Structures are given as C-alpha cells and as structure tokens.
Amino acid sequence: MAKTENKKDEREPFRAERHIRRMSDDEIREFVNGVVSGQIYTDRHIPESLQHAIHIIFMPLVFGIFDGARPEDVKQVGCLWEWLSEAGPRGVNGCPSFLSMKIMHRDDFTRAHAAIVTELKRRENIEIPPASEKVTP
C-alpha cells in the first residue's frame, strides 16, 4: 500500500498589494450606484446579530482567503462585497449567501462611503412637483 503524504496547503497567503486591486473613479462610481440602488450587498449590510455568521454569508472566508495574512494586510481591507445577482439560492436568516466576493481597499471604501452618504441625502430631498402642475418630459 502506497504511503500518502499530507501536503501543506501551498496557496499564497493573502497580501493586500496582490489581492486588493485599487478601484478607478468609474469603478467606485459603479459601486456607489450599485449600493444605493440595492444591487450590491456589503459586509456593512449584515445585521449586528449576524456578524458572527459573516463567513456563511461570504463563503470565501470559510475557505480561508485570509489565512496567513499579516495584520497590516488585513487592515487594508475596507469592505467585502458582491453583486446581489451573484447570491446563491439559499440565505442565512434573511441575508444572502455568496460563493464569491470582492474585497475593496480601505481608501477606496472611504471615498465610496462618502459618496454613498451624499447620494442618499440627495435622494431624500428629491422634489416632486404638485399634482396640479403640468409636467413635460
């Protein structure tokens, strides 16, 4: 009978410079539009009561995407996110579940978050003309 060796996982450890691609302004704009229109789910959408289940919502965490990561690399993570269209058929207590995810750099997320807040405020203040006014497109 042949003896099999247990090979150590030879995957490269997570490194921010390799695994977090910086986003262009257009990509950040697309992210912002996706979030405010409800097409993107982020780790910030997970209710406090389910934070312990983040690895079930973003499944790549179960598979060890951050195994071997240095603390300074993990600090570069701004948010985890994915398009809702990529969600699996089942969820966790009302949250979607993803077999894929994207990682946003913290500096990109800081810019995106500011734009999201601004856009949500703008949307709250949309002026609707009175029903009696004739509106022409």
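Things worth noting here:
- Subset tally (residues that are assigned to a loop (DSSP other than H, G, I, E, B), modelled with pLDDT of 75 or more and small (Gly, Ala, Ser)) for region 1-53: 3
- Flag if Gly68 is surrounded by 11 or more Cβ atoms within 10 Å (Cβ to Cβ) and on the phi > 0 side of the Ramachandran plot: yes
- Number of positions in region 62-75 that are without any contact (Cβ under 8 Å) to a residue 12 or more places away in the chain and not in a loop (DSSP other than H, G, I, E, B): 1
- Looking across region 76-129, the residues that are among the charged types (D, E, K, R) and in a loop (DSSP other than H, G, I, E, B) come down to Arg90, Glu127.
- The one condition from (1) closer than 22 Å to Pro13 by Cα; (2) buried (at least 17 other Cβ atoms within 10 Å of the Cβ) that Ser100 does not meet is (2).
Matching residues to (1) under 14 Å from Phe58 (Cα atoms); (2) surrounded by 13 or more Cβ atoms within 10 Å (Cβ to Cβ); (3) out of contact with any Phe, Trp or Tyr (no Cβ under 6 Å at 6 or more places or on another chain); (4) among the charged types (D, E, K, R):
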residue	(1), (2), (3), (4)
Cys79	yes, yes, no, no
Gly88	yes, no, yes, no
His105	no, yes, yes, no
His113	no, yes, yes, no
Arg123	no, no, yes, yes
Pro130	no, no, yes, no
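- Members of region 76-93 found to be over 19 Å from Asn33 (Cβ atoms), in contact (Cβ under 8 Å) with a residue 40 or more places away in the chain and under 17 Å from the mean Cα position of the chain (by Cα), listed by number: Gln76, Val77, Val92
The values are calculated or read from the model by the stated rules, or taken from the named source; none is laboratory data. As the structure is a computational prediction, the values presented were derived from the model and not from experiment. Positions of Cβ are generated from backbone atoms using ideal geometry, with glycine treated the same way; all protein chains shown enter the neighbour counts.
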